[in-house]
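Reviewing the structure listed below.
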Amino acid sequence: MPTSFGSLPGGRALRREMSRLRDGRAAIWADSGDFIQGGPLEWLTQGRDGFRASCELGLDLSAAGNHDFDYGNDVLEKVAQDLSYPLLCANAEVSLPKATILPTSAGDIGFIGLTSSDLLASSNYRVDRRHPLPVQRIEPNIPLMADELRRAGARAVVVLLHDGTDWRFSGGKYEPRPQRLFARIQEWEESVDLVVGGDTLGRHYGSIGRMKFVQPWPFGAEIALVDFDFRSSEVCTKFAAVPVRGSEEWDGFGADLINEARQDVLGALPYSLTAYSGGKAPLADFMAECIFAATVADISIAYVACGQPALDGIFAYLGSGSVTRLQIAQLIPWTTHQICTSEVTQAESNKLRSLTNAVRPHRSRAWAMHTSGSSSDVLSIATTSGAATHVIAETIGRELEWERPGETIFEGVRTVLGRADRSRTLA
């Protein structure tokens, strides 16, 4: 996918770089989760085939991410049975292994997998909240689990943690803020050698005593390379950040569906649109305008979410030139992209403005509202299915009855880009 800083490498380039790094080494490729969500196969196949494609990458194991539960326990448990690698989860009541040991010619490594510690906290950001989430009662005893792995032969212990460093952009510079995360994992420092973070879309490399922490840039843009040296009694660990260069179209499972969406051109954009972390987001305004154009509603509300690593402070980007269905869908996850309509009161519409007028905008999501200016007591509202409808209900404090007139946001994009093209022709 094109980005503000170049392009995302994609699965083929990631696999090639990983093969290069593994060549001649005793090596394990481990991940911290979220394969159902984050790529085009989520919305093209309702969450089932992102994992299937991941089996063609060559990774050796992963933790379960919070969005891997987006379609419920049953779907994830069924998908996990057919994976070519173990999917770990020690902090939720789900039929996945909690830990495992992987052998290498240099020594065996023990792994513990942890999903988000509060799956309910992100439950609004799913297509359908009715899918059941697993029960999470207490956090597991990581030092005890690590000791058990060592007694079973593990030379080192790694925690794959679907949590990560907080961060912000300040003065045009990325700043990791790992204090919250490090306070959570500090008690593991005497028993765990490495923690692999994720989820927060940030980046950080650091240490707590002898325990190392790595969280590379997301979306396959970077690999965290960690070396264990077992030649002395004390395990020696060092790490490096390896950027993934180049960009290639995916040729594995689901490539035909992705290519079809890529070839569906919705129109031409005369200038680039962006969403800046914690700042302005004209890209969200554009999405709200597209929803408005596809309906006769008084109010349209849209969001855009992180579609690229915020290397330059921009977390979502749509470049000038041809705009495809694939690009639009990648910018609005957690939805079927169908437009939904309902009604709210004038007072409730004022509450919804808090989404777009937040004092401190979210670092990797941005909301926008488009209005007709109507002063009626009851106003029609339009948005995309899924996450937007959940967040709107939470913001106004009641559930709404939503109708689906049949349009998608893609029709709205065609309309808005068609207007832009006509204006350019007249000019």
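Every read-out reported here was derived from the displayed coordinates using simple, explicitly stated rules and does not represent laboratory data. The structure presented is a predicted model; accordingly, all values stated were derived computationally and were not measured. Note: ideal-geometry Cβ built from the backbone for every residue, glycine included; neighbour counts use all protein chains shown.
Tabulated values for the structure
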quantity: 5 angstrom amide H check on residue 109, placed H, neighbours 5+ away; calculated: 102, 104, 155
quantity: Nearest 10 degrees, 0 to 90: helix 409-426 Cα axis against the chain principal axis; calculated: 60
quantity: Two-decimal log10 I(q)/I(0) for the range 264-426, as the Debye equation yields it once each C-alpha is a single scatterer, q = 0.09, 0.14, 0.15 Å⁻¹; calculated: -0.27, -0.68, -0.78
quantity: Karplus-derived HN-Hα couplings along the range 155-164 (A = 6.51, B = -1.76, C = 1.60, θ = phi - 60°), whole Hz, x at Gly and Pro; calculated: 7, 9, 10, 10, 9, 8, 10, 7, 7, x
quantity: Charge dipole of the range 264-426 about the Cα centre (unit charges at C-beta), most positive-ward option of 368, 275, 395; calculated: 275
quantity: Length-normalised contact order for the range 264-426 - Cα pairs under 8 Å, 6+ apart - percent; calculated: 36
quantity: Label zone at residue 235 (point 7 Å along Cα-to-Cβ), backbone N below 15 Å, the range 23-40; calculated: 27-30
quantity: Share antiparallel - DSSP beta bridges, the chain, percent rounded to 5; calculated: 75
quantity: Fluctuation leader among 376, 385, 32 - the chain, Gaussian network, Cα springs under 10 angstrom; calculated: 376
quantity: Segment residue 187-residue 173, length gained on full extension (0.36 nm per residue, minus Cα span); calculated: 2.0 nm
quantity: The range 2-243: C-alpha gyration tensor shape, a/c 1.5 cut-off, then a/b vs b/c; calculated: rounded
quantity: Sequence-distant residues sharing a close amide H with residue 244 (under 5 Å, placed H); calculated: 222, 223
quantity: Semi-axes of the equivalent ellipsoid for the range 109-226, Cα gyration tensor, largest first, Å; calculated: 24, 21, 13
quantity: Where labels lie 7 Å past Cα in the beta-carbon direction, separation of residue 138 and residue 394 in nm; calculated: 2.8
quantity: Folded to 0 to 90 degrees: helix 10-22 orientation relative to the chain principal axis, Cα; calculated: 10
quantity: Segments 111-120, 49-58, 397-406, 62-71 sorted - mean Cβ within 10 Å per residue, highest first; calculated: 62-71, 111-120, 49-58, 397-406
quantity: Kirkwood-based shape ratio for the chain, expressed as Rg/Rh from alpha carbons; calculated: 0.99
quantity: HN-Hα J in Hz across the range 88-94 - Karplus 6.51, -1.76, 1.60, θ = phi - 60°, x for Gly and Pro; calculated: 9, 7, 9, 10, 8, 7, 9
quantity: In Hz, Karplus ³J(HN,Hα) per residue of the range 41-51 (6.51, -1.76, 1.60; θ = phi - 60°; x = Gly, Pro); calculated: 5, 4, 7, 6, 10, 6, x, 8, 9, x, 5
quantity: Under-5 Å amide H pairs with residue 269, H placed in peptide plane, nonlocal only; calculated: 321, 322, 323
